[in-house]
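Peer 1: Below you will find the structure I want to go over with you.
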Amino acid sequence: MKIKKIAAGIVVLVLMVLSNFLIAVFQPAVDDEHINVEMVVKADQELTPTVYYLTSQQSPGESFSEEQAVRGEYTKTGKKQTISFEVPANVTCIRIDPCENGEKVTVEDIRLTYKDETINAGEFSLEQAASVNDAEHIQSVDGGILVKKGSQDPNLTWNVSSEDILSSVAEGLKPQHTAVKILFCVVIDVMVIILWKKRRVVLEVPKEIIGNRKLIFSLAKNDFKTRFAGSYFGIIWAFVQPIVTVLVYWFVFEKALSAGAQTTRAGITVPYVLWLIAGLVPWFFFSEVLSAGTNVLIEYSYLVKKVVFKISILPVVKIVSSLFVHLFFLAFTLILYCCYQYYPTPYMLQLFYYSFCMIMLCLGIVYATSAIVVFFRDLSQVINIVLQVGMWATPIMWNIDTMIGRVSPVILGILKLNPMYYVVSGYRDSLINHVWFWDRPEITLYFWIVVAIVFGIGFTIFKKLQVHFADVL
């Protein structure tokens, strides 16, 4: 027994050293960082200059769109004012429209910056411009460019080197990445030590699941069938309702509200229905598990009262039951993407990883809510309200990438603390952006820390209250 314990300890130590080594040599992606286009503007009246951009994910000849436009505010009439526009770091082409309202605008010192450091990515003079629209109303002046309002839309376009920008950003990120790597190593080491000391408690759940896997699957299958028992079409309703919900949201946002195609943080533009369903599919599963799982002990009270029954597997039963519909919708989503000529790629294998992430998050939450609701029945109504708010707090129907530069970074940071943001973004990374989960190490680590805390608290609450379930029910 002692030899087994020593061997297990050595394995854990080796895994800890290996994880620290992998973190140390890992080079995070920088193409999802943002830089600033800065310029000094002087005009004869207040105006709203605009910067349009293309990214490395787009073809060189692609047209500029409103989805990839950043607007500034010039308010110091007759005086010089520095205006900054935030754009993706993988930008390849920039178009400046300075003369939206004013009759005469001078633009000076156009440059790209990252963390207040100027990036050497080309000269932004009239002579260096790749194209000039309405050239007769644009001319060079000392230190800048003079733009007069003409019959057309006076603007200038420059091509920039995305490789040079990303290289400069990578250099600027080195100190930050080093600090993050050290934090990663410390957190992982601490978590491994805690898990090692609490290994009996940690292994209790997977042991019970593996030992009762046939019972869990049988109960889950029966649970799925009985939800629609007595109805003529039976389990077909489980698939019809989410499809109708997707169609309603698609019609309201794309057709009625003219949401149009969405541009992701990687600069990829996709039809709204594809962007929408990538966020709705994981949310359907999450909300279904939370709603049904919270009441699982009450629903199966006759099993809870049995002394020999392992009631800790009941939340797992609800998760497996909901997985049947979730897997169907993953297949439906892939077929829909193929219909729009977005064919499967290796990145889509990550859908299983993000589904597992969601399962672990749901399991931790449901362990807590299912135990508490036995003593506080109003929790079911609270959960329904939280899910309603959570659906709109999570970027499912709206695009958080288009809010950069328009909303306070503090608010965006708070919205990203929602663990479902990681899952929803992950589904879109797998289906649309083609980004691996290890390319976003900071948010991946944050998510799993949250899951570990939620799972630990949830399972502890469940075990503490378990002895009283039969008496209350």
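What follows is calculated from the coordinates using simple rules that are stated; it is not laboratory data. A quick note: this is a predicted structure, and the numbers were derived from the prediction, not measured. Cβ: placed from backbone, ideal geometry, glycine included. Neighbour counts: every protein chain shown.
Peer 1: Take the Cα radius of gyration of the range 281-421 and divide it by 2.2 N^0.38 Å, with N its residue count; two decimals is plenty.
Peer 2: Cα-based Rg divided by the globular estimate yields 1.24.
Peer 1: At each listed q (0.17 Å⁻¹), what is the log10 of I(q)/I(0) that the Debye formula gives for the range 423-471 modelled as equal alpha-carbon point scatterers?
Peer 2: -0.63
Peer 1: Relative contact order, percent, of the chain when contacts are C-alpha pairs under 8 Å separated by at least 6 residues?
Peer 2: Contact order relative to length: 14 percent.
Peer 1: So what are the ³J(HN,Hα) numbers for the range 66-81, from phi and the Karplus equation (6.51, -1.76, 1.60; θ = phi - 60°), rounded to whole Hz, Gly and Pro as x?
Peer 2: 5, 5, 10, 9, 10, 10, x, 10, 9, 10, 8, 3, x, 10, 7, 9
Peer 1: For all pairs of alpha-carbon atoms in the range 198-472, what percent lies in each bin of width 10 Å, listed from the first bin to the last filled one?
Peer 2: Bin by bin from 0 Å, the calculated values are 6, 27, 34, 23, 9, 1.
Peer 1: If you don't mind, another one. So, by mean Cβ neighbours within 10 angstrom, what's the order for 354-366, 460-472 with the highest one leading?
Peer 2: 354-366, 460-472
Peer 1: Same structure, new question: Quick one: Cα centre-to-centre distance for the range 157-215 and the range 1-70, in angstrom?
Peer 2: 15
Peer 1: Taking just the alpha carbons, could you work out the radius of gyration and Dmax for the range 130-174, both in angstroms?
Peer 2: When restricted to Cα atoms, the range 130-174 yields Rg and Dmax of 15.8, 48 Å.
Peer 1: Once phi is turned into ³J(HN,Hα) by the Karplus curve 6.51 cos²θ - 1.76 cosθ + 1.60 with θ = phi - 60°, what whole-Hz value does each residue of the range 175-183 show in order, with x for glycine and proline?
Peer 2: Whole-Hz 3J(HN,Hα) from phi for the range 175-183: x, 5, 5, 4, 5, 5, 4, 4, 4.
Peer 1: Please list the equivalent ellipsoid semi-axes of the range 122-233, computed as the square roots of five times the alpha-carbon gyration tensor eigenvalues, in descending order and whole angstrom.
Peer 2: Ellipsoid semi-axes (Å, largest first): 64, 32, 9.
Peer 1: Can I ask one more? Non-local amide H neighbours of Phe26 (under 5 Å, H modeled in plane, Pro and chain starts lacking H): which ones?
Peer 2: none
Peer 1: Going by average Cβ neighbours within 10 Å, how do the peptides 153-166, 8-21, 71-84 rank, with the highest at the top?
Peer 2: 153-166, 71-84, 8-21
Peer 1: Can you list the residues, at least 5 places off or on another chain, whose amide H is less than 5 Å from the amide H of Ala130, using H built in the peptide plane?
Peer 2: For Ala130, the qualifying residues are Thr157, Trp158, Asn159.
Peer 1: Hey, can you grab everything whose amide H is under 5 Å from the amide H of Ala89? Only 5+ residues off in sequence or another chain; H modelled, so Pro and N-termini drop out.
Peer 2: Glu33, His34, Ile35
Peer 1: So how far apart, in nm, are the two label points at Glu46 and Cys338 if each is 7 Å from Cα heading toward Cβ?
Peer 2: Using points 7 Å along Cα→Cβ, the separation is 5.5 nm.
Peer 1: Still on this structure, I have one more. Which one of Gly144, Ser59, Ile119 has its Cα pushed farthest toward the positive end of the charge dipole of the range 34-160, where Lys and Arg give +1 and Asp and Glu give -1 at the Cβ?
Peer 2: Value computed over the given set: Gly144.
Peer 1: Separate question: So if we plug the beta-carbon distance of Arg199 and Arg111 into 1/(1 + (r/R0)^6) with R0 = 60 Å, what FRET efficiency do we get, rounded to 0.05?
Peer 2: Computed FRET efficiency for Arg199 and Arg111 comes out at 0.60.
Peer 1: Given the pairs Lys181/Lys463; Lys181/Lys310; Lys5/Lys310, which span a C-alpha to C-alpha distance of over 32 angstrom in this model?
Peer 2: Lys181/Lys463; Lys181/Lys310
Peer 1: Given the Cα-Cα distance of Val308 and Gln152 and 0.36 nm per residue of separation, how much length would full extension add, in nm?
Peer 2: Length gained between Val308 and Gln152: 48.1 nm.
Peer 1: Give me the Kirkwood hydrodynamic radius of the range 377-473, using the inverse of the mean 1/r over all pairs of distinct Cα atoms, in Å to one decimal.
Peer 2: 16.1
Peer 1: With the calculation restricted to Cα positions, what are the radius of gyration and Dmax of the range 355-433 in angstrom?
Peer 2: 15.1, 46
Peer 1: Same structure, new question: Which order do the peptides 285-292, 61-68 take when ranked by the mean count of other beta-carbon atoms within 10 Å per residue, highest first?
Peer 2: Put in order of decreasing packing, that is 285-292, 61-68.
Peer 1: So for the range 34-160, considering every pair of alpha-carbon atoms, how many percent are separated by more than 23 Å?
Peer 2: 24
Peer 1: Something else now. Send over the per residue convex hull volume for the range 1-90, Cα only, as a whole number of Å³.
Peer 2: Looking at the range 1-90, the number lands at 181 Å³ per residue.
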